[in-house]
Each structure stands twice: as structure tokens, then as C-alpha cells.
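Data first, discussion second: the structure below is written as C-alpha cells.
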Amino acid sequence: MIPYGKQSITEADKKAVEEALCSGWLTTGPKVSEFESAFAEKIGAKHAIAVSNATAALQISLLAVGIKPGQRVVTSPNTFLASATSAALIGAIPDFCDIELTSYNLCPTSLANSWQADTKAVVAVDYAGQTANMPAISKVARDNGAVVIEDACHAVLGEFEYQDKVHQVGNHPWADITTFSFHPVKTMTTGEGGMIVTNNDEYARAAKALRTHGMVRTPDDFTGLGDAQFIEHGPWYYEMQHLGLNARITDFQCALGLSQLSRVDSFLERRREIVHQYNNAFANLDHVQIPELRNQADAKFTSWHLYTLLVDFAALGNTRSDFMTTLGNHGIGSQVLYIPVYLQPWFRNTYGYGSGKCPNAEAFYLKALSLPLFPSMTQADVHTVINAVKSTCDRAKHQGSEA
Ligand SMILES: *Cc1c(COP(=O)(O)O)cnc(C)c1O
């Protein structure tokens, strides 16, 4: 079976992890800061803070920028749950505005039109690796006094062109903080893991403390325990000034991250090659839409975490379940990404959200089908997927016309 996503682990990765395990450090040690520096350098960003997963990275980011319980955080409905649950977990109100059908990302116009006075942050998701329209989104958010967090879990090392310049995800002026995930299906992996990236010194300092219970150990940061008898600050001394998480990542995970980072360019290159082949193969299929880009120039910059076709299953005379079963019979895994988050029972029950809230996201969901895309796919795998998708479309069309 060819899965829809898969990690690439080499002997070098195993060796790096083994060395870290034998180094005497298990959790926070030298590999954590080494990984952070290497990642920040790769992106060109000032600060990178490694954490246990990207859900924690989003929670910490919202806390670091000062989001308070009861404040509204708007994100895209076309995303994984965590883009929205991270806000709920800190007591804020996750809300959603519709996507644009040229990029399947948060629509700046929809964001502006649905703006509410209590919205204090926008979490912009880079669906499938294509960046959201960050300049336009940040204009709407900042004009209204809100901060911008870019959920770039799909866009590790992604770039985009704007006004004839190429900008790197994690190091451009339109996001205050950017978060990445190193879950095994993502572009590079640490098993579980995430990264918070920012050029803002204050946010970085806050994120570092929030990663480990809100504790600070640097004398410059101390405010004191209040009473004279507690004034002596010896080497044991630390303070908790904010309510944080335990979101630390281990040293051996960061050793894996460093090893993966050394190959990430080749991962991206292979992903782009496969997408190019898929696009050529599927561009002229009836009732099938290949992934659209808001800006064609971004074809060579997109990091392509997912390859999602929009299939008009009804027009093909088929259902998505049958289509996926047929692909499965050809040995091909596929996935549906994403169910609009606000349709989930918990969101409906908690906030009263329901269908009709974001029509584009709902229309997208009904047609979406993500195909296998990962760097260790062989050419034979790619051809197997292409032939199976084509023959499944043909068969479905045939059956449809007979029905
Ligand atoms: C994977 C993912 C997350 C959560 O990442 P974890 O590391 O699994 O917590 C958040 N947002 C998006 C868009 C994702 O794809």
C-alpha cells in the first residue's frame, strides 16, 4: 500500500538518535539549542524555539502574544483541528472565516467582512504548503489591532513571491510568529515535535518560558517573591511569572531533527517533482481540478505538504468512498483533508457553529481528495498512482453514463 504521506528515515538519522541517546542527555540538552539555531539559520529568522508538538507551539504562541480568555481568534476552517483547538485550550474563542477558492486558504476579504471587535489574533494556515495571502491578511488584522500567527505546519521551508521579491515562511514581515510541525506526515520529522519562529525578542523570550511552566531563571527577568525574607536569589532561584505548559522536546528528537534538516532541501525538491508529474497527468481529466495557486510564480516555491485534487464525484457518477475504495484496491492510500473544523460536534455544541458558515470551505471539503505525496516515492509509485487515478475516473465515468 502506498500511503498518502510517509517519513523518510535513513541510517544517518538512526545514528544521530543513537548518539544523542548515549550522550547522557535525554530531555533538554545541547541538541535542542543546536536544532533551534540550525532551523533559525535555515529560515533566516532571529529566534526558533523547539517544542513537543505544533499544537503546543500554537498555544504558546497565542499566550506569548498576550491572547486572553474570552478573546476571539480567527482561523481557516480548512485545517487540522489544532489550528483552532489551540485557541480554545487557552480559553479564547476560536472562530472561522471562509477560504478563497484560488488557494484554499483564509480569504482576506471574508476576514475583513466578518471582523468582530473582540478578535485579537488571526491564525493563517498555509494549506498544502501554499502560503496564505499573508500581506493582505496581516493588513486586515493589524489595521484592527490584532496579531498574526502563521500556522505553517504544511509549509516547512516554503517561500512565496510578493512584489517581485521572494519571501521565506518564518521570516517575512506579515506574521508575528510562525509555527511548524515535525509530525511524521509533515515535510520533516522529529517523531512528534514543533517549532516556534519569530523575529520578535519579547515573543521569543515569552515562548521560551511558556515552554517550561512559565519559569524564568535569568536574574534580569526576576521580579521578586514579595517579602524581604525571600530576597536572597541564590543559584537555586527561579520564578514562575506566567502560567505555561510543559512542552519540552527531547534531545534525541532534536538530533533526528538536525539530521532531517540536512536533507530537507532534497525532500522539497522531490515533492515538487512529483507534484509536477501529477499536474501534467491530471490537468485534462474531466471533473477533476488540479491544485490551484493564487500566484502561478509560487509553483516553484511551494513546499507541497499535500497534493489535493478537487473531484466532482457526482458528475463522475461515483461517491468519494467508492473512489477511495477503488484506489485502495490498486494499493493506493488517499485521504480527505479537511472536514471544515467548525462542523465538528464539539465546535457546534460549544459555539453554536453549523453548516453554511463558510460555503467555500464546505464546497472544497465535498470534493477534496489527497493523493500520496512523500519524498521516498519511487517513479514506479508515482506511475502507479497516476494510472490508478486515471482508470478510476474512466471507470466511474463509464458506470455513471450507464446508470
Ligand atoms: C499537523 C498540524 C498541526 C498540529 O501539529 P502537531 O505537531 O501534530 O501538534 C497544526 N496545524 C496544521 C495545519 C497541521 O497540519
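For the range 269-317, the set of residues classified as out of contact with any strand residue (DSSP E or B) (no Cβ under 7 Å at 6 or more places or on another chain) and open to solvent by less than 30 Å² (accessible area, probe 1.4 Å) consists of 271, 274, 281, 293, 302, 303, 304, 305, 313, 316, listed by residue number.
Of all the residues in the range 10-49, those that are part of a loop (DSSP other than H, G, I, E, B) and hydrophobic (A, V, I, L, M, F, W, C) number 4. Checking each residue in the range 148-166 for being of a type in the set (A, V, I, L, M), in contact (Cβ under 8 Å) with a residue 60 or more places away in the chain and within 20 Å of residue 181 (Cβ to Cβ) picks out 149, 155, 156, 157. In summary, residue 370 fulfils each of the numbered conditions (1) among the small types (Gly, Ala, Ser); (2) over 14 Å from residue 4 (Cα atoms); (3) in contact with a Phe, Trp or Tyr (Cβ under 6 Å, 6 or more places away or on another chain) with the single exception of condition (2). Can you find a residue that is surrounded by 13 or more Cβ atoms within 10 Å (Cβ to Cβ) and either in contact (Cβ under 8 Å) with a residue 24 or more places away in the chain or of a type in the set (Gly, Ala, Ser) (or both) anywhere in the range 231-240? Scanning the range 231-240 turns up at least one residue that is surrounded by 13 or more Cβ atoms within 10 Å (Cβ to Cβ) and either in contact (Cβ under 8 Å) with a residue 24 or more places away in the chain or of a type in the set (Gly, Ala, Ser) (or both).
List every residue pair whose Cβ atoms sit under 9 Å apart, with the two residues 6 or more apart in sequence or on different chains, where the first one lies in the range 282-303 and is assigned to a helix (DSSP H, G or I) and the second, anywhere, is of a type in the set (Val, Ile, Thr) and open to solvent by 30 Å² or more (accessible area, probe 1.4 Å). What qualifies is 282/290; 297/166. Within the range 270-281, the presence of a residue that is touching a helix residue (DSSP H, G or I) at 6+ places or on another chain (Cβ under 9 Å), more than 30 Å from residue 190 (Cα to Cα) and modelled with pLDDT under 95 is excluded. Contact map, the range 169-194: first residue over 15 Å from residue 55 (Cα atoms), second residue among the acidic types (Asp, Glu) and part of a loop (DSSP other than H, G, I, E, B), Cβ cut-off under 9 Å, separation 6 or more or different chains; pairs are 169/126. For first residues located in the range 198-214 and closer than 20 Å to residue 168 by Cβ, partners that are assigned to a helix (DSSP H, G or I) and lie 6+ apart or on another chain with Cβ distances below 7 Å form the pairs 198/204; 203/64; 207/60; 207/61; 207/64. Residue under question is residue 102, and the condition is that it be within 14 Å of the chain's Cα centre (by Cα) and either open to solvent by 30 Å² or more (accessible area, probe 1.4 Å) or more than 12 Å from the ligand (Cβ to nearest atom) (or both); does it hold? In short, no.
Just to verify a result, which residue in the range 39-85, among those that are of a type in the set (S, T, N, Q) and open to solvent by 20 Å² or more (accessible area, probe 1.4 Å), is farthest from the ligand (Cβ to nearest atom)? If you could, list the steps in order and put the result at the bottom.
Kept after step one, since they are of a type in the set (S, T, N, Q), are these residues of the range 39-85: 52-53, 55, 59, 61, 71, 75-76, 78-79, 83, 85.
If we keep only those that are open to solvent by 20 Å² or more (accessible area, probe 1.4 Å) too, we end up with 52-53, 55, 59, 71, 85.
Details: 52: 8, 53: 4, 55: 3, 59: 10, 71: 20, 85: 9 Å.
Only one residue tops the list, namely 71.
Pairing residues of the range 305-330 that are on the phi > 0 side of the Ramachandran plot with residues that are among the acidic types (Asp, Glu), at Cβ distances under 9 Å and at least 6 apart in sequence or on separate chains, gives 317/402. For the range 105-120, taking the residues that are assigned to a strand (DSSP E or B) and in contact with a Lys or Arg (Cβ under 8 Å, 6 or more places away or on another chain), the one that is most open to solvent (accessible area, probe 1.4 Å) is identified as 120. The listed residues are 133, 144, 200, and the only one of them that is of a type outside the set (Ser, Thr, Tyr), within 21 Å of residue 299 (Cβ to Cβ), more than 12 Å from the ligand (Cβ to nearest atom) and over 14 Å from the mean Cα position of the chain (by Cα) turns out to be 133.
Cβ-Cβ distances below 7 Å connect the following pairs, each with a first residue in the range 106-128 that is more than 16 Å from the ligand (Cβ to nearest atom), a second residue that is open to solvent by 50 Å² or more (accessible area, probe 1.4 Å) and not basic (Lys, Arg), and a separation of six or more residues or different chains: 115/144; 119/144. Residue-level check: of (1) at negative phi; (2) away from the ligand (no atom under 15 Å from the Cβ), residue 163 misses just (1). Looking across the range 178-193, the residues that are within 9 Å of the ligand (Cβ to nearest atom) and closer than 10 Å to residue 7 by Cβ come down to 182, 183, 185, 186. Entry remark, the range 325-372: residues being outside any loop (DSSP other than H, G, I, E, B) and open to solvent by less than 20 Å² (accessible area, probe 1.4 Å) number 12 in total.
The values are calculated or read from the model by the stated rules, or taken from the named source; none is laboratory data. The shown structure was predicted, so the numbers you read here are calculated from the model rather than taken from an experiment. With ideal geometry, Cβ positions are generated from the backbone for all residues, glycine too; neighbour counts draw on all protein chains shown. With ligands, DNA and RNA removed, areas are computed over all heavy atoms of the protein, side chains included. Shrake-Rupley method; radii C 1.70, N 1.55, O 1.52, S 1.80 Å.
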